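Bear in mind these aren't lab numbers, they're just calculated from the coordinates by the rules spelled out. These numbers come from a predicted model, not from an experiment. Here the Cβ is made from the backbone with ideal geometry for all residues, glycine too, and neighbour counts use every protein chain on show.
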Amino acid sequence: MSNVIDTATTQAGVPERGSLRGLLPALAGHRAMTVRTCAAALLEQGSLVALVTLAAHTVGTAVIEAEAPSFGTVTALAVLVFVRTLMTWREMDLSHDLAYRVLAALRVRVFDGLARSAPARVAGRRSGDLAATAMADVEALEFFYAHTTAQLLAAGTVFTGGATVLAMLEPWLLAAVLPVAVLLTAAPFAEARGRTMRGSRTRSAAAKLSADTVEIVDGLRELLAFGALAGRRRRLAERGRQVGDAQRAEATWEAAAAAVRDLLIVVAVLGVVAAAAQSMTSGRLHGAWAPAAMALALAVLGPVAEAARSLSQAVSLRAAASRVGAAVKAPALAPPPAAPRPLPPGPLGVRLHQVRFDYGGGPVLDGVELTVRAGQTLALVGASGAGKSTCAHLLARFWDPSDGEIQLVSADGDAIDMREVGEAELRRAVALVGQETPLFHGTLAENLRLAAPEADDDLLAETARRCGVDRIAPLSALVGERGSTLSGGQRARIALARALLAQPRVLVLDESTAHLDNASDAQLATALHQEGRTTIVIAHRRATIRRADRIAVLEAGRIAEEGTWEELIGRPDSSLKRSLADIAP
């Protein structure tokens, strides 16, 4: 458990080695398009080299031998111009089409990774930071998929072919070009660490800016109410300056690197001119071929220089690649069973057997033993931090216990470990209503149907009536994002109605009625009652606790005592009495 949290909290640090290589498997699902993109890039770069070389040879022949180009030469030049034009467009079209297809799939995989490891991976991380990973970091990788992979392969192929021709035509020309090509290729790797750190700084600053922006928008009412908006605006401005500084540092370094690449090209030009002059003087290179050989030597350097630029920029994406890779590969905290077992029909009870759990520190639950019979209502009581919400999360199988078992038990006594139940069947059987009530932008009916999309209109209307949701607004009314237009009590009613609409056999309520008054709490208690449903209520209201069939008191990670209200309240040393000291009537 601690390893998962550590991984989540260190994503903004130094990216892992091989994070860019980890992006390549995403192309596996698009093999045909990848091949077409590489072929288009190869034809685009190869046609340019052939065009420049043939044009230089034509000019050299015309000047030195006073010979007009033949019809075949002119036709070849025209064809190369057409191929170059067509392939430039085609390569851009294919590479970006490929990149956006990969990014679309990658966003889903990032979401799946976050969902697979939630809530632990999400806990402690700001929503804006998560949004930056899911959106901005993924979007930044467009350059890698659109401008790096196919271009590097094509540049390597074109340079190898051109170098082979140069070696056969005039080795001294190759000797003038090869050192520069090696330096251009090595430069991105030599500066990789610096680029990685600058890229990491930019991604981290952008994520903090995103997180602060989302936080300010969410808390705008509170900031206005307490006069704290000006301070937050200054903080946001500072975040913006940090992003600007990081981006300027990257841009400045890139400009310097581009100048160095241009200088190397100039050195290569001088070297090629000197080698060509020496070859012509010694008679090894015919005058008409000299311009073509020089053009070929410099033309094959063009793709290498462009590939070096692309690779340098790709290196700066290691931070984004690392954050995305960590999200995609996030481990499942509740892995699916290899061979799911079906749940028996009818009511289900719950049994926690020697359950232990911790968040990476001391144990929160230390050998919990608790049985809730099918159809029974149990109130779980304890001081804040005693582990009640942890029990709720374990019952919903957001996490698995580090030791022990959580079983679903039929009325006949057949027990099945939750870890052996398929995800979909478990979600239909067990519903959790937490302290927070996430609502989504859409109609009230759409928010209620989140748990049961197939629910018919009659069941929806009846459930809304039982929970008093129909008095909040018509079911067709739009609900503001996160329920911002609703009160806490109204959101609680909607959350309970949403859970009941799914008709679960086990219902877990984690202080979900805390925002309700006593009368509303009693009304919802009636709505929650259903023959055969097992209900586990975590509450801090005496009236709610008294209505339960049984009460379990959680202390120091264990069940300190268990019984009915009358049994526990009558004990002189009752743990329930201590827990009730700070509980509202």
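Computed values, structure above
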quantity: In degrees, nearest ten, helix 171-190 long axis to first principal axis of the chain (Cα); calculated: 20
quantity: Segment Thr443-Glu566, extension gain: residue separation times 0.36 nm, minus the distance between their alpha carbons; calculated: 39.8 nm
quantity: Inter-label distance for Arg248 and Arg546, nm, one decimal - labels placed 7 Å from Cα along Cα-to-Cβ; calculated: 6.8
quantity: Kirkwood Rh (inverse of mean 1/r, distinct Cα pairs), the chain, angstrom; calculated: 29.1
quantity: Whole-Å distance, taken between Cα centres, linking the range 235-253 and the range 395-468; calculated: 45
quantity: Overall form of the range 430-480 per C-alpha gyration tensor (a/c, 1.5; a/b vs b/c); calculated: rounded
quantity: The chain: calculated mean residue ellipticity at 222 nm from DSSP helix runs of at least 4, using -39500 (n - 2.57); calculated: -19000 deg cm²/dmol
quantity: Förster radius 51 Å - calculated FRET efficiency between Leu236 and Trp89, Cβ distance, rounded to 0.05; calculated: 0.75
quantity: Percentage relative contact order, the chain, counting C-alpha pairs under 8 Å, at least six apart; calculated: 16
quantity: Cα gyration tensor, the range 322-379 - rounded (a/c under 1.5), prolate or oblate; calculated: oblate
quantity: Backbone HN-Hα couplings from phi across the range 212-224 [Karplus 6.51/-1.76/1.60, Hz, Gly and Pro as x]; calculated: 5, 5, 4, 5, 5, 4, 5, x, 4, 4, 5, 5, 5
quantity: Cα-centred dipole magnitude for the chain, charges only on beta-carbon of K, R (+1) and D, E (-1), debye, nearest 20; calculated: 900
quantity: Radius of gyration and Dmax over the Cα atoms of the range 348-580, both given in Å; calculated: 17.6, 54
quantity: Estimated dipole of the range 143-274 in Debye, rounded to 20 [Cβ of Lys and Arg +1, of Asp and Glu -1, Cα centre]; calculated: 640
quantity: Helix 149-169 vs. the chain, principal-axis angle (Cα, 0 to 90°, nearest 10); calculated: 20
quantity: Cα gyration tensor shape for the range 255-400, rounded if a/c is under 1.5, else prolate or oblate; calculated: prolate
quantity: Integer Hz, Karplus 6.51/-1.76/1.60 couplings in order for the range 364-380, x for Gly and Pro; calculated: 8, 10, 9, x, 6, 10, 7, 10, 10, 5, 4, x, 8, 10, 10, 9, 9
quantity: Selection from Leu166, Ala321, Ala257, by position along the positive dipole direction of the chain (Cβ); calculated: Ala257
quantity: Nearest-20 debye value, the range 348-580 charge dipole, Cβ charges on Lys, Arg, Asp, Glu; calculated: 700
quantity: DSSP bridge orientation in the chain - percent antiparallel, rounded to nearest 5; calculated: 55
quantity: C-alpha long axis of helix 488-501 to longest principal axis of the chain, angle in °; calculated: 90
quantity: Most to least packed among 393-403, 339-349, 321-331 [average Cβ atoms within 10 Å]; calculated: 321-331, 393-403, 339-349
quantity: Amide H contacts of Phe440 (H built 1.01 Å from N, under 5 Å, at least 5 apart or other chain); calculated: Arg482
quantity: 5 angstrom amide H check on Ile559, placed H, neighbours 5+ away; calculated: Glu369
